[in-house]
Amino acid sequence: MSGKWEEYVRRVKPYVPGEQPVVTDNLIKLNTNENPYPPAPGVQKVLQNMDAEKLRLYPNPDAKALVKELSSFYGIDEDRIFTGVGSDDVLGMCFLTFFNSDKPVLFADITYSFYDVWAELFNIPYEKKMLDDNFRLVKEDYLTDNGGIVIANPNAPTGEYVDIDFIEDIVKNNQDSIVIVDEAYIDFGAKSAVGLIDKYENVIIVQTFSKSRSMAGMRIGYCFGSKKVIDALKAVKFSYNSYTMSMATIETGVEALKDRKYFEEITAKIIATRERTKKELKRLGFSFPDSMTNFIFATHNKVPAKEIMSMLRENEIFVRYFNAPRIDNYLRITIGTDEQMDKLISVLDAYLS
Ligand SMILES: *Cc1c(COP(=O)(O)O)cnc(C)c1O
């Protein structure tokens with residue numbers, strides 16, 4: 001017996017995350033922008049000392065301890081902070097909460113590929129605006145009537161960063177819609193636009209523990225905004241799933257925030273490795289937008305990206321390749337440890353010379 005239920009299924013084309021191969025000792029994984037260093041040492045201790053007995057109880061629905069620690073780390077009031085299961089959850093909630101008009105939401109044609117997935121899922125009209133030939137945002141494209149704006153800054157997968165004045169112009173000239181700034185990579189040397197939340201009610205700054213805090217596996221994201229914006233987000237969240245942050249998530253998140261020194265150390269290390277890798281890649285005939293992130297989006301002057309990707313894979317080095325218009329001759333290479341990048345460079349050197 002087969003009924004008609006299939007006619008009523010919500011059809012979606014899901015986001016395709018980077019591959020998570022079984023990690024072996026030799027594998028060098030530079031394909032999903034994870035941090036090569038472990039989380040702050042205190043995180044391990046929290047997990048070791050965790051008392052399973054208390055898991056009987058629900059966690060705090062507002063993730064209060066984590067919000068409090070974020071508040072003191074960033075100097076922003078607790079009622080202007082919202083947390084979620086990775087920034088994907090926070091971004092998805094933002095789409096659901098704020099993009100509820102008939103006008104199109106605007107974002108770049110080359111950017112985080114989850115934005116159009118959420119727009120499709122929630123039936124939000126959207127329009128992609130072409131980055132220019134150097135993969136730069138064109139400001140004028142975002143000064144037209146719209147139902148919202150999303151900007152990844154620095155952008156992924158290009159690595160390009162626009163300064164705060166650029167973001168402010170867009171926020172200031174769009175006060176009838178919400179502007180989301182996705183700062184997943186902001187800690188690798190760029191400057192956050194978070195100060196704008198004191199001047200404008202319509203801007204939301206989204207960040208994550210997944211990259212700079214080495215905790216992709218724990219799933220912690222958060223955003224800052226005006227109290228009104230945060231209240232609106234909470235209302236939608238509490239209409240969907242109250243207990244998004246587990247006890248382990250909250251406690252390890254707090255611990256990671258407490259160790260500012262470790263955080264600054266590992267981000268500085270990654271920045272130094274990135275700058276060194278840029279020089280090596282240039283020497284080997286690669287070019288790339290100037291990255292302010294923990295990855296480099298590179299194209300080679302002779303050898304096709306796809307071919308390089310396959311060659312690297314045979315050498316147990318995974319990088320990300322997007323078979324998409326305008327970027328199908330590029331590789332997105334995550335910055336790993338110095339040793340990992342040395343291996344990458346020597347394999348590339350042997351193949352390309
Ligand atoms: C990695 C990433 C995210 C999501 O990260 P979470 O692990 O869900 O916090 C969001 N936006 C961009 C641009 C990213 O690269």
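When the chain is treated as a Gaussian network with alpha carbon springs shorter than 10 Å, the biggest mean-square fluctuation among V179, V203, V85 belongs to V85. A dipole drawn for region 41-258 from +1 and -1 charges on Cβ atoms has a positive end, and of G195, V46, A216 the residue lying farthest that way is V46. Placing +1 on the Cβ of every Lys and Arg and -1 on the Cβ of every Asp and Glu, with nothing else charged, gives region 41-258 a dipole about its Cα centre of roughly 820 debye.
Using the Cβ of I266 as centre and a radius below 13 Å, the other residues enclosed give a net charge of 0, where K and R count +1 and D and E count -1.
A straight chain from E280 to D79 at 0.36 nm per residue would run longer than the Cα-Cα distance by 67.8 nm. Think of a 1.4 Å ball rolled over the protein heavy atoms: the chain then has 48 Å² of accessible area per residue.
Using the Cβ-Cβ distance between V22 and L352 with R0 set to 25 Å, the FRET efficiency works out to roughly 0.30. Label-to-label distance, W5 versus E140, with points set 7 angstrom from Cα along the beta-carbon direction: 5.3 nm. Each DSSP beta bridge with both residues in the chain is either parallel or antiparallel, and the antiparallel ones are about 50%.
Count the net charge of all other residues whose Cβ sits under 13 Å from the Cβ of N301, scoring Lys and Arg as +1 and Asp and Glu as -1. Within the 13 Å Cβ shell, the charges total +3. Distance between the 7 Å Cα→Cβ label points at K172 and D259: 4.2 nm. Summary of the geometry: region 180-211 and region 92-108, compared by the centres of their Cα atoms, lie 18 Å apart. Rounded to 0.05, the FRET efficiency of the A52 and Y15 pair, given R0 = 35 Å and the Cβ-Cβ distance, is 0.55.
Along the axis of the charge dipole computed for region 41-258 (Cβ charges of +1 for Lys and Arg, -1 for Asp and Glu, origin at the Cα centre), the listed residues A256, I149, V171 are led at the positive end by A256.
The values are calculated or read from the model by the stated rules, or taken from the named source; none is laboratory data. Given the structure is predicted, the values throughout are model-derived calculations rather than measurements. Note: ideal-geometry Cβ built from the backbone for every residue, glycine included; neighbour counts use all protein chains shown. Ligands, DNA and RNA are excluded from the accessible area calculation, which covers all protein heavy atoms including side chains. Shrake-Rupley method; radii C 1.70, N 1.55, O 1.52, S 1.80 Å.
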